[in-house]
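J.: Got a structure for you, written out below as structure tokens; questions coming shortly.
The values are calculated or read from the model by the stated rules, or taken from the named source; none is laboratory data. Treat the numbers as computed from the prediction; the structure is a model and nothing was measured. Cβ placement follows ideal geometry from the backbone for every residue including glycine, while neighbour counts extend to all protein chains displayed. These area figures cover heavy atoms from the full protein model, side chains too; ligands, DNA and RNA do not enter into them. Shrake-Rupley method; radii C 1.70, N 1.55, O 1.52, S 1.80 Å.
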Amino acid sequence: MKNGTNQSRRNFFRQAATAGGGLVLGFNWLETSGSVPSIVNGTASVAGTAADAFDFNSYLSISPKGIITIFSPNPEVGQGIKTAFPIIVAEDLDADWKAVKVLQAPLDTIKFQRQVAGGSGSIPHSWKRLREAGATARQMLMQAAASRLNVPVAELTTQKGVVVHTPTGRKLTYGELAADAAKLPIPADVKLKDQKDFKLIGQSIKNVDNLPIITGKPLFGLDFYREGMLFAMVQRPVAFGLKLKSVDAATAKAMPGIVDVVTFKNSVAVVGKSTWQVKKAREALKIEWEKEAGTESTADHNKLFAQLLGQPDATVRRKDGNVEEAFRNAAKVVKSEYQCPFLPHSPLEPMNFFAHVRADGAELVGPTQTPELARNETAKLLGIPPEKVTVEMTRMGGGFGRRLKADFVLEAVEVSRLVKAPVKLIWTREDDMTGGSYRPAVRYRFEAALDVQGNMIGYKLRGAGINAGNSTRENNFPSGAVDHLLIDSADHKSPITTGPWRAPVTNFLACAEQSFLDEVAFAAGKDPVQFRLELLDKAKKAPVGEIKYDIDRMKGVIRLAAEKSGWGRKKEVAQGFSVYFSHASYVAQVAEVAMQKGKPVVRKIYAAADCGVVVNQSGARQQVMGGIVDGMGHAMYGNLTFRDGAPEQTNFNSYRMIRINEIPQVEVHFVDNGIEPTGLGEPALPPTGAAVANALFKATGKRLRNQPFAEQEELKGVS
Amino acid sequence: MALYKLKINGRDYRADVDPDTPLLWVLRDSLGLAGTKYGCGIAMCGACTVHVNGEAARSCVLPVSSLANAKITTIEGLSATGDHPVQQAWDETDVPQCGYCQAGQIMMAAALLKRNPKPSGEEIDTAMAGNLCRCGTYHRIREAIQSAANKIR
Ligand code: FES
Ligand code: FES
């Protein structure tokens, strides 16, 4: 133990006794801001003690009654972080999970780091600090018990919220010790549990919000209500490339419940007393739009793709060896193109946000994956310091990347500022589907050069995107395993807005690449699994350039998926293989297709995932199952097309999403290797499309190269 | 605007709204019953499912003026403490991911089991096909319905 003023290595922990005499530990805790948190929807009361007894500069607090409150700083978007984070803290604290209450912390960049839901990055970023938070508190509680019992710390152990003196069996609860422990200096080096002693991590632990969810409590942004707030809907340009010319709001303004109609940038906001009234009044707006840029159609994009793939100039992303020579010397060349459409994110809860702009600052409440961005952009817009903006995160009805942006937050802020009232901005489903920031449409061209033995000696990939930026991931497999390689990309700047969509880029790149490798294996006369393993062996023995993936871990999931699915041993079904490394995790999948009444049906998908230590079995399994359903659904059906800059699909009647009667069985396996955990919100999705396409090829002899599969001739032809 | 009397979860409510206002928005905006969710507004997602006279209905397309004398049950009234067998099965199976669709799923499943206490897998799929789950919790929804059915029996 070191003295509290003699700070530990990284000035990591500080302490503060709470008003209620409990122990509070935090990370990067600097000083008490004195602000009492206003917890969204009043969930603070579940802590069991008065809400103001808890200082907010903390991750965990222990009340004298033994209730352990763990604050979860990261936004909960369905990735399960609000359950997983506290599990990690509680593990090294040796807490009784039943006595743990979890609260969502608001944005606080002083107390917390990386309050972001995205990139499957929450767990890897926080694993160690969360464990240390728990372990430090545990050690202080043991120290307090040692003094109280007048025994050496070494004779003490803990279990489920109780410190036990092993020789005599005497026990003290964490609640009894909290006040004393809070006064102790911070231990500089804490011992983390051995993984074999884990009691919570690796178990199946239920979503901490199950009860409020299943009883319909107002948890979500759309449910947020503040006395006196107004409702707002915004009419945006009806097509990408248009701008506002004139507005006649007379009829709308005269409608019942309408308080005001205001205009900002290219948007017109209708503000009123209820959702339905503003929705109807918005329909009564008479707006003229005019062109400010090209209004593009899907047919234009298809022409652009041909142009971008054909043009000599492109941005080179990776170049190994001499690719032209390899293709000249090739015994066989395989060449294919793959294409995907734009996709809306379609979280079931559409965009919405509450904003109250006051003279002295702004209050924001709502569903955001990036609260800090919301705050900073708001501050910029209002010309005030970021400290004047507070952000509370509600539970989110999905995000899939859409809520990484702050456009809808800023709309709420603009409207609140203009009408000088608290405002809840609501997007309808139509707004959500036509409001932009899509997964970009991309077309890839792959070329492979094989030598006489069927080894892939050359590999070329050109990515052509519409507002896709770099549509490749140049250091992903098979880079490093091929001697001569060229990866480049070309992009078209479009008025159609795009943004990250669950597993950005790789959500389709993986499908294209893993389908193409299947084609190459077929052309080389090799088993697809064996072909991939050979490439990885080659990367291990004679690596080419930089290798950013772990060869052994990738082989591990390949082998596990092959083993569990009985790869190559089944007669009754056609199997397709796929493996992908993304967001630091590895997932291999085998899809099985059977012919039913002359039609191919995806019966089952096996998944083998390596995300290191599995924090919560239940949550992790669901992430994989959900990722597969998502991956298959969008590969099969998702399609957003454009006509003169306007999306042609506007709601779930014209935009198809996968339904319960369309899902295959899913079987999930995890590699148990004890490596520090990596994220799982995204990595299960990328491999699915190719596993399905490769199995469909095996079953029907037809390659599906364009998404959505269900709309392709190849599938229609099968009967 | 007109005054409507509604019987919801065994209680009497009044709402002063336009006659064409869908029940969904009366529940959410006027009565503070926000458990019933909005997902599409056109009866394509099931997030807004409630029971009207014991049968599942999409509240986003039910004008309030059509509900005189109707007996309405929302998620808040299925069981406020979460002890309806379907809610319990949902918790035990750990169905919710983001959770947004689940009130609608639960109301749909409860209506199904009332009508058909022993649904086959296919019957479950048919009944639940109108309820979207963007997070893809369909496997657990099936499992939870089966386990609730076993319990009710
Ligand atoms: S909101 Fe009613 S079915 Fe979608
Ligand atoms: S749990 Fe997220 S939409 Fe169903």
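J.: Run the dipole for region B:85-152 about the Cα centre, Lys and Arg Cβ at +1, Asp and Glu Cβ at -1, nothing else charged, and hand back the magnitude in debye, nearest 20.
T.: In total the dipole reaches around 180 debye.
J.: While we're here: What residues have an amide H closer than 5 Å to that of residue A:368, excluding those fewer than 5 places away on the same chain, when H is modeled at 1.01 Å from N in the peptide plane?
T.: A:394
J.: Excluding ligands, DNA and RNA, what is the accessible area buried between chains A and B, summed over both sides, using a 1.4 Å probe, to the nearest 100 Å²?
T.: Chain pair A/B: roughly 4700 Å² of buried accessible area.
J.: Show which aspartates and glutamates lie in cross-link reach of residue A:424 when reach means a straight Cα distance below 16 angstrom and same-chain residues fewer than eight apart are skipped.
T.: By straight Cα distance, residue A:424 reaches A:223, A:227, A:260, A:349, A:363, A:392, A:407, A:411, A:414, A:432, B:29.
J.: Which whole-Hz couplings ³J(HN,Hα) result when phi for each residue of region A:534-544 is put into the Karplus expression 6.51 cos²θ - 1.76 cosθ + 1.60, θ = phi - 60°, listed in order with x for Gly and Pro?
T.: Here the 3J(HN,Hα) series is 4, 4, 5, 4, 5, 5, 6, 6, 9, x, 10 Hz.
J.: Also: So, with +1 on the Cβ of K and R and -1 on the Cβ of D and E, and no other charges, what is the size of the charge dipole of the protein assembly as shown about its Cα centre, to the nearest 20 debye?
T.: Charge dipole of the protein assembly as shown: 860 debye, to the nearest 20.
J.: State the three equivalent ellipsoid semi-axes of region A:530-630, derived from the C-alpha gyration tensor as the square roots of 5 times its eigenvalues, in descending order and whole Å.
T.: Working through the eigenvalues yields semi-axes of 26, 19, 11 Å.
J.: Can you sort B:142, B:11, A:375 by solvent-accessible area, 1.4 Å probe, largest first?
T.: The ordering from most to least exposed comes out as B:11, B:142, A:375.
J.: With a 10 Å radius around each residue's Cβ, average the other Cβ atoms per peptide and rank B:115-121, A:326-332, highest first.
T.: Most protected by this proxy first, the peptides run A:326-332, B:115-121.
J.: Could you rank A:377, A:682 by how accessible they are, 1.4 Å probe, largest area first?
T.: A:377, A:682
J.: Once you keep just the Cα pairs under 8 angstrom separated by 6 or more residues, what percentage relative contact order results for region B:25-153?
T.: Averaging sequence separation for qualifying contacts and normalising by length gives 27 percent for region B:25-153.
J.: Which shape class applies to chain A: rounded if a/c is under 1.5, otherwise prolate when a/b exceeds b/c and oblate if not, where a ≥ b ≥ c are the square roots of the Cα gyration tensor eigenvalues?
T.: Oblate, because a/c is 1.5 or more while a/b does not exceed b/c.
J.: What residues have an amide H closer than 5 Å to that of residue A:362, excluding those fewer than 5 places away on the same chain, when H is modeled at 1.01 Å from N in the peptide plane?
T.: A:389, A:390
J.: If you take the Cα Rg of region B:85-152 and divide it by 2.2 N^0.38 Å, with N the number of residues, what do you get?
T.: Cα-based Rg divided by the globular estimate yields 0.95.
J.: A further question on this structure: Where Lys and Arg each count +1 and Asp and Glu each count -1, what net charge lies around residue B:1 among other residues with Cβ under 9 Å from its Cβ?
T.: Local charge sum for residue B:1: -2.
J.: Determine the per residue accessible area of the protein assembly as shown with all protein chains present and a 1.4 angstrom probe, expressed in square angstrom.
T.: Counting only protein heavy atoms, the per-residue value for the protein assembly as shown is 36 Å².
J.: Still on this structure, please answer the following. Report the accessible area of residue B:4, computed with a 1.4 Å probe over the heavy atoms of all protein chains in place, in Å² rounded to the nearest 10.
T.: Looks like 40 Å² after rounding.
J.: Could you order peptides A:121-129, A:258-266, A:85-93, B:26-34 by the average number of other Cβ atoms within 10 Å of their residues, highest first?
T.: A:85-93, B:26-34, A:121-129, A:258-266
J.: A further question follows. What residues have an amide H closer than 5 Å to that of residue A:170, excluding those fewer than 5 places away on the same chain, when H is modeled at 1.01 Å from N in the peptide plane?
T.: Result for residue A:170 returns A:165.
J.: Tell me the mean residue ellipticity at 222 nm calculated for chain A from its helices only (DSSP H runs of n ≥ 4, each -39500 (n - 2.57), averaged over every residue, nearest 500).
T.: So the calculated ellipticity at 222 nm is -9000 deg cm²/dmol.
J.: Output needed for region A:658-719: three equivalent-ellipsoid semi-axes, defined as square roots of 5 times the C-alpha gyration tensor eigenvalues, in descending order, whole Å.
T.: 30, 13, 12
J.: Roughly how much of residue A:225 is accessible, in Å² to the nearest 10, using a 1.4 Å probe?
T.: About 120 Å², rounded to the nearest 10.
J.: Ignoring ligands, DNA and RNA, what percent of the 1.4 Å accessible area of the protein assembly as shown is carbon and sulfur?
T.: 50 percent
J.: Considering only DSSP beta bridges whose two residues both sit in the protein assembly as shown, what percent are antiparallel, to the nearest 5?
T.: DSSP beta bridges in the protein assembly as shown are roughly 75 percent antiparallel.
J.: Quick one: grab Rg to one decimal and Dmax as a whole number for region A:61-214, Cα atoms only, in Å.
T.: Looking at region A:61-214, its Cα Rg and Dmax stand at 15.9, 50 Å.
J.: Going highest first, how would you order A:102-113, A:64-75 by mean Cβ packing within 10 Å?
T.: In decreasing order of mean packing, A:102-113, A:64-75 become A:64-75, A:102-113.
J.: Name the residues of region B:41-70, by number, that are at least 20 Å² less accessible with every protein chain in place than in the isolated chain; the surface is that of heavy atoms, probe 1.4 Å, without ligands or nucleic acids.
T.: B:42, B:44
J.: Given Cα pairs under 8 Å that are at least 6 residues apart, what percent is the relative contact order of region A:377-523?
T.: The normalised contact order for region A:377-523 reaches 21 percent.
J.: Got a sec to turn the phi values of region B:79-91 into Karplus ³J(HN,Hα) couplings, 6.51 cos²θ - 1.76 cosθ + 1.60 with θ = phi - 60°, whole Hz, x for Gly and Pro?
T.: Residue by residue, region B:79-91 yields 5, 5, 9, x, 9, 5, x, 5, 4, 4, 4, 5, 5 Hz.
J.: Considering all alpha-carbon pairs of region A:184-334, what whole percent are spaced by more than 28 angstrom?
T.: Value for region A:184-334 (Cα pairs over 28 Å): 64 percent.
J.: Would you jot down the residues in region B:112-153 that end up with at least 30 Å² less accessible area in the complete protein assembly than in the chain alone, with a 1.4 Å probe?
T.: B:125, B:129, B:132, B:134, B:135, B:136, B:138, B:139, B:140, B:142
J.: How large is the accessible surface of residue A:168 in square angstrom, using a 1.4 angstrom probe and rounding to the nearest 10?
T.: It works out to around 80 Å².
J.: By accessible area of protein heavy atoms, probe 1.4 Å, what ranking do B:83, A:527, A:610 get, highest first?
T.: Highest to lowest solvent-accessible surface, that is B:83, A:527, A:610.
J.: By how many degrees, 0 to 90 and rounded to 10, does the Cα axis of helix B:138-152 deviate from the longest principal axis of chain B?
T.: 90 degrees
J.: Next question, about the same structure. Expressed as a rounded percentage, what relative contact order does chain A have, with Cα pairs under 8 Å and six or more residues apart?
T.: 13 percent
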